[in-house]
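The numbers here are math on the coordinates, done by the rules we state, and not lab data. All of these numbers come straight from a predicted model, not from anything done at the bench. For neighbour counting, all protein chains shown are included, and Cβ atoms are generated from backbone atoms with ideal geometry for every residue, glycine included.
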Ligand code: HEC
């Protein structure tokens, strides 16, 4: 018995110590993660805008899949999502030499891409589910020239990203807007935005539209049933209201037949 009590006592002591230590270290841990963030640029997602989705699909399948896969969809399911017939899809967008029913994988062999950028690019569906549209849009439009990086560029929302600036030919180059801030708690020069440095093949408005269309398309791929859910939602709410009414009626009928103790007393006297 004594033995048991001493084990319990030592466990209690450990628990108290651990809680104390957490209290001491946690505020510091959260303070040390403080980082000055670039503000995110909000965008509106419109899953009914088929031309925007098609434009997004065109760029994603011809630029991004050079490195990234998009494994949650097949080309065939895309053509349905974009409201295109198979022939239209094959003519306007195409499958980069793959079969129409194939999953969308990158043509770049993993070993080569790893040697090229030092990491394996994550799957784009996975990326689109993890990040908000605002983050994705800001990321795609916030590359800036940074000679200290192996790729020559850096990003205002993803510091030291190993993804090269694939938009440089369209968007042109950009320079950072630097402020003195914190990076993971340490004082540093942090980029909170970008400014144009040279003109690409697109105007600013054209490029912004393209980036928005890509994000719109990625969001549609990552949330394939969103429109169906929105369509079915009101019907389900209606069904719940109807069921509530029915169950209330049944409740009234049942309790109308139940003799409560007060009534029983009254009946027995009678
Ligand atoms: C040259 C190869 C290459 C191309 C082309 C490319 N990417 Fe990337 N991308 C990468 C690599 C590598 C990473 C991983 C970056 C890291 O972890 O540092 C990445 C990361 C990303 C991320 C951040 C993901 C995260 O981990 O949070 C996004 C978003 C992204 N890519 C979107 C795109 C889009 C959209 C396109 C097409 C317009 C594209 N990429 C084209 C190589 C590429």
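Here are the numbers for this structure:
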| item | result |
| --- | --- |
| Using a Förster distance of 25 Å, the FRET efficiency for residue 126-residue 101 (Cβ separation, nearest 0.05) | 0.70 |
| Gained length - residue 134 relative to residue 162, 0.36 nm times residue gap less alpha-carbon distance | 8.0 nm |
| Degrees, to the nearest 10: 50-62 long Cα axis against longest axis of the chain | 60 degrees |
| Segment residue 179-residue 34, extension gain: residue separation times 0.36 nm, minus the distance between their alpha carbons | 50.7 nm |
| The range 200-266 and the range 143-174: distance between their alpha carbon centers, rounded to Å | 42 Å |
| Computed lengthening from residue 108 to residue 232, 0.36 nm per intervening residue step minus Cα-Cα distance | 40.6 nm |
| Helix axis angle, 226-257 relative to the chain longest principal axis, alpha carbon, degrees | 0 degrees |
| Most fluctuating residue given options 186, 132, 79, as computed from a GNM of the chain linking Cα atoms under 10 Å | 186 |
| Diffusion constant of the chain at 10 °C, which comes from Stokes-Einstein with the Kirkwood Cα-pair radius and 1.306 mPa s, µm²/s | 67 µm²/s |
| Burial order of peptide ranges 233-244, 138-149 (average beta-carbon count within 10 Å, highest first) | 138-149, 233-244 |
| Protection proxy ranking, peptides 68-76, 103-111, 161-169, average beta carbon neighbours within 10 Å, highest first | 68-76, 161-169, 103-111 |
| Nearest-0.05 FRET efficiency for residue 254 and residue 50, computed from C-beta distance (R0 51 Å) | 0.45 |
| Calculated FRET value between residue 116 and residue 241, using beta carbons and R₀ = 51 Å, to 0.05 | 0.35 |
